[in-house]
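A.B. asks: Structure provided below as structure tokens; questions to follow.
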Amino acid sequence: MIPKVYIEKLLAAADIVGIIGAEVKLTRTGSNYHGICPFHGTDHPEDGGVRPKSFKVSRENNTYHCFVCNAHGSVINFFIQHRGVGFPVAVEMLAALVGAEPPPCAADQAVMKAKREAVAESLQIALDYYQRSLRTSPEAIAMLKKAGISGKTAARFKIGFAPDGWQNLEGVFKDRYEERCTAAGLAVVSKHGGKVYDRLRNRVIFPTMNARDTVLGLAGLALAFQVPEYLRTTSPNKSSKKGVKEKPGTLDLHEAKESMFGLSQANSSMHAKRFVVLVQDCMDVLRLHEGGIQNVVSSAEAGKLKPENIARLFRRTPCIVCCFPSTKRGANMAWNTMKIVLPMLTDAVQVRFAILPDEQSPGDLLQMEDGRELFQLMLNSALPLSEFFLQGLASKYRLDDLEGKAKLLSDADALLATMSAPKTKALLDEAVRELVADQLELLDSVDEHDQWLKSVIAAAGTEVLIVSPWITNAGIRRFDLCGIIAAAVARGVRIRVFTDIEFSRERRRLYASGERSDDGAEAALLAAGAQLHFVNRIHGKIVVVDATALCIGSFNWLSAAKAGPYQRHEVSVVHRKGNIALRKTKLLATMQSRASDS
């Protein structure tokens, strides 16, 4: 809708070197300028994270170009890519920078623009009032302080407070209260009697802003019990009319639909780190910023994530790490986020999932000793979307009967049908079929278990995991287990043994050696090259070999006796398919969560 002639004049008037140089450090080389590209990540991590100066800005051609990631365009394209705004907003930003008149538009567009500007002005007036109100609300201040939010962080994010009362904004807007506040979604027209009242009451206020610090919307978190917990302003379709409930929507700017809380504050950190952390709600964003983690955003209304939100993030960064607590709401938001993301996946972007243990929020984790390091560890170990997808399906349905497998396949097919990335779609489809087409083998004697363990360790290529709650001399000396382990370690196989610390403490009291396992058993395994890990309260008996075999059953691999009063009939099942690698990842995560340094 913006005339081409106007855009050409705007670009001709712009100093591309000065504008881009304000955000990217540029060095002159001949007639051009070079710097570190803001659009792609580290090319050579082994070089200590140094990125080459592949980014060129040409004043003569009025363009920028990166020779690594091929980012290219005019200063308008730079605003779109670097700040994540749409084309019209980028043009307006450039016009303001060069002192040009705003872009011309058709009459109907001018009317809509005027309405949108009026809505933005009303939201700003209301936010100013809410910010003043926060200073006089001990309850709201106490709530923020309890969460660890300082006054400095609250001011940076322009946090406010909507007092309890039906028409507080009437005192701010006077005789234009109904007209302006209903148009901006700040007030609601009652179904009965047509009375107008404030939408946000007794709530801490979180504004969403664009790159120009224009208020796009306000979200309110209930101070006391209210349903819903989070409530957001919406704009009506038409002018308010008493007695008529208006549908929200058409006066919202497209960027308002895309808006997320904390996006403008996260912008520079997001570009520097090449990923963004998506959390459950606004309070999580504030608490993480308080802890020094700034590349973090949330949906304005907790749990109300939209495709437009994800699209906007992908315009700014190639990687989204979804970080939610292991609560029912957190699990639902994680799964719904994955469903939103699936149709948007391309080879150029990735999504990972970090589900925090023990129903902790990110803020709770940060308040622990070494909390920031623990949080970073969770981000580093976040599951790729593919593994999260398969884990989610496997946890929803029983895979030991045909009905459960049929339901899983039906659900998976519906999700995969939304995808447009052909390679990722094909690989996920193949992994799903593997998950339901498992091949099983039964071991039902001590001799069979011993023979199976000998053969798989001898054939292992990279790693063997053994989970055995007890370790005894009888268990490791039934056959030359340590010799077989030593031979595997010598050819580069990693042997990891997980055993229960509580059982081991009990046995330590019974033997003079002082070892945490039976007399001599621990020393023998370590001498053979095995890595021993003590964990809390595990009773499962499991062996995982590379990504080719998984054995689960009743056989206690390193303690079961072959003869005598402790001999039992042991039964285990060996899985040869069903995504062994995924199940191995889950097992290691469980062991890590139960690790003991005692």
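The values are calculated or read from the model by the stated rules, or taken from the named source; none is laboratory data. Quick caveat: nothing in here was measured; it's all calculated off a predicted structure. Positions of Cβ are backbone-derived with ideal geometry, glycine not excepted, and every protein chain shown enters the neighbour counts.
A.B. asks: Go through the stretch 420-507 and tell me which helices (runs of 4 or more DSSP H), entirely inside it, have 2 or more residues that are surrounded by fewer than 20 Cβ atoms within 10 Å (Cβ to Cβ) and hydrophobic (A, V, I, L, M, F, W, C). Outline the logic, then answer.
C.D. replies: Details: elements: 422-436, 446-459, 473-476, 481-490.
Passing ranges, in order: 422-436, 446-459, 481-490.
A.B. asks: Here's another thing I want to ask about it. Can you name the condition, by its number, that VAL341 falls short on among (1) out of contact with any Ser or Thr (no Cβ under 6 Å at 6 or more places or on another chain); (2) in a strand (DSSP E or B)?
C.D. replies: (2)
A.B. asks: Something else: Any residue in the stretch 529-541 that is crowded, with 21+ Cβ neighbours inside 10 Å, at pLDDT 85 or above and in contact with a helix residue (DSSP H, G or I) (Cβ under 7 Å, 6 or more places away or on another chain)?
C.D. replies: Taking the stretch 529-541 first, the residues crowded, with 21+ Cβ neighbours inside 10 Å are 530, 534, 541.
Next cut, at pLDDT 85 or above only: 530, 534, 541.
Still in the list and also in contact with a helix residue (DSSP H, G or I) (Cβ under 7 Å, 6 or more places away or on another chain): 530, 534.
Within the stretch 529-541, one or more residues are crowded, with 21+ Cβ neighbours inside 10 Å, at pLDDT 85 or above and in contact with a helix residue (DSSP H, G or I) (Cβ under 7 Å, 6 or more places away or on another chain).
A.B. asks: So ASN380 fits all but one of (1) farther than 30 Å from LEU286 by Cα; (2) assigned by TED's automatic domain parsing to the domain that holds LYS328; (3) without any contact (Cβ under 8 Å) to a residue 60 or more places away in the chain; what number is the exception?
C.D. replies: Condition (1) is where ASN380 drops out.
A.B. asks: Follow-up question, since we're still on this one. Could you list, in sequence order, the residues of the stretch 175-198 that are under 22 Å from ARG116 (Cβ atoms) and among the basic types (Lys, Arg)? Spell out how you get there, then give the answer.
C.D. replies: If we filter the stretch 175-198 for residues that are under 22 Å from ARG116 (Cβ atoms), which is where we start, we get 176-189, 196, 198.
Residues satisfying the conditions are ARG176, ARG180.
A.B. asks: Give the residues of the stretch 268-308 that are among the polar types (S, T, N, Q), more than 13 Å from the chain's Cα centre (by Cα) and farther than 15 Å from GLN376 by Cβ, sorted by residue number. Show your work before the answer.
C.D. replies: Keep residues of the stretch 268-308 that are among the polar types (S, T, N, Q), which gives 268-269, 280, 294-295, 298-299.
The next check asks that each one be more than 13 Å from the chain's Cα centre (by Cα); those that pass are 268-269, 294.
SER268, the sole residue that qualifies.
A.B. asks: Regarding ILE340, is this residue assigned by TED's automatic domain parsing to the domain that holds LYS273, in contact with a strand residue (DSSP E or B) (Cβ under 9 Å, 6 or more places away or on another chain), in contact (Cβ under 8 Å) with a residue 24 or more places away in the chain and crowded, with 17+ Cβ neighbours inside 10 Å? Working first, answer last.
C.D. replies: On the way: assigned by TED's automatic domain parsing to the domain that holds LYS273: yes; in contact with a strand residue (DSSP E or B) (Cβ under 9 Å, 6 or more places away or on another chain): no; in contact (Cβ under 8 Å) with a residue 24 or more places away in the chain: yes; crowded, with 17+ Cβ neighbours inside 10 Å: yes.
Answer is no for this residue.
A.B. asks: Is it true that LYS158 is basic (Lys, Arg) and at pLDDT below 95?
C.D. replies: On the way: basic (Lys, Arg): yes; at pLDDT below 95: no.
In short, no.
A.B. asks: Of all residues in the stretch 221-230 being closer than 17 Å to GLU139 by Cβ and under 23 Å from the mean Cα position of the chain (by Cα), which is surrounded by the fewest Cβ atoms within 10 Å (Cβ to Cβ)?
C.D. replies: As a first pass, look at the stretch 221-230 and keep what is closer than 17 Å to GLU139 by Cβ: 221-226, 229.
Next, from what is left, pick out any that are under 23 Å from the mean Cα position of the chain (by Cα): 221, 229.
Details: LEU221: 23, GLU229: 15.
Filtering the stretch 221-230 for residues that are closer than 17 Å to GLU139 by Cβ and under 23 Å from the mean Cα position of the chain (by Cα), the one surrounded by the fewest Cβ atoms within 10 Å (Cβ to Cβ) comes out as GLU229.
A.B. asks: To continue, here is another question. Based on this model, can you work out whether LEU305 counts as within 19 Å of THR153 (Cα to Cα) and either assigned to a loop (DSSP other than H, G, I, E, B) or in contact with a helix residue (DSSP H, G or I) (Cβ under 8 Å, 6 or more places away or on another chain) (or both)? Give the steps one after another, and end with the answer.
C.D. replies: On the way: within 19 Å of THR153 (Cα to Cα): no; either assigned to a loop (DSSP other than H, G, I, E, B) or in contact with a helix residue (DSSP H, G or I) (Cβ under 8 Å, 6 or more places away or on another chain) (or both): yes.
Criteria not met by LEU305.
A.B. asks: Ok, one more. Criterion first (in a helix (DSSP H, G or I) and either in the same structural domain as LYS158 (by TED's automatic domain parsing) or within 12 Å of the chain's Cα centre (by Cα) (or both)) does ALA334 satisfy it? Break it down into steps so the answer makes sense when it comes.
C.D. replies: On the way: in a helix (DSSP H, G or I): yes; either in the same structural domain as LYS158 (by TED's automatic domain parsing) or within 12 Å of the chain's Cα centre (by Cα) (or both): yes.
Taking the combined requirement at face value, the residue satisfies it.
A.B. asks: Next question. For the stretch 314-322, state whether one or more residues are within 17 Å of ALA421 (Cβ to Cβ), at pLDDT 90 or above and either in the same structural domain as HIS289 (by TED's automatic domain parsing) or in a helix (DSSP H, G or I) (or both). Steps first, answer last, please.
C.D. replies: Let us first name the residues in the stretch 314-322 that are within 17 Å of ALA421 (Cβ to Cβ), namely 314, 318-320.
Subset that is at pLDDT 90 or above: 319-320.
Applying the additional criterion that residues be either in the same structural domain as HIS289 (by TED's automatic domain parsing) or in a helix (DSSP H, G or I) (or both) yields 319-320.
Yes; the residues of the stretch 314-322 include at least one that is within 17 Å of ALA421 (Cβ to Cβ), at pLDDT 90 or above and either in the same structural domain as HIS289 (by TED's automatic domain parsing) or in a helix (DSSP H, G or I) (or both).
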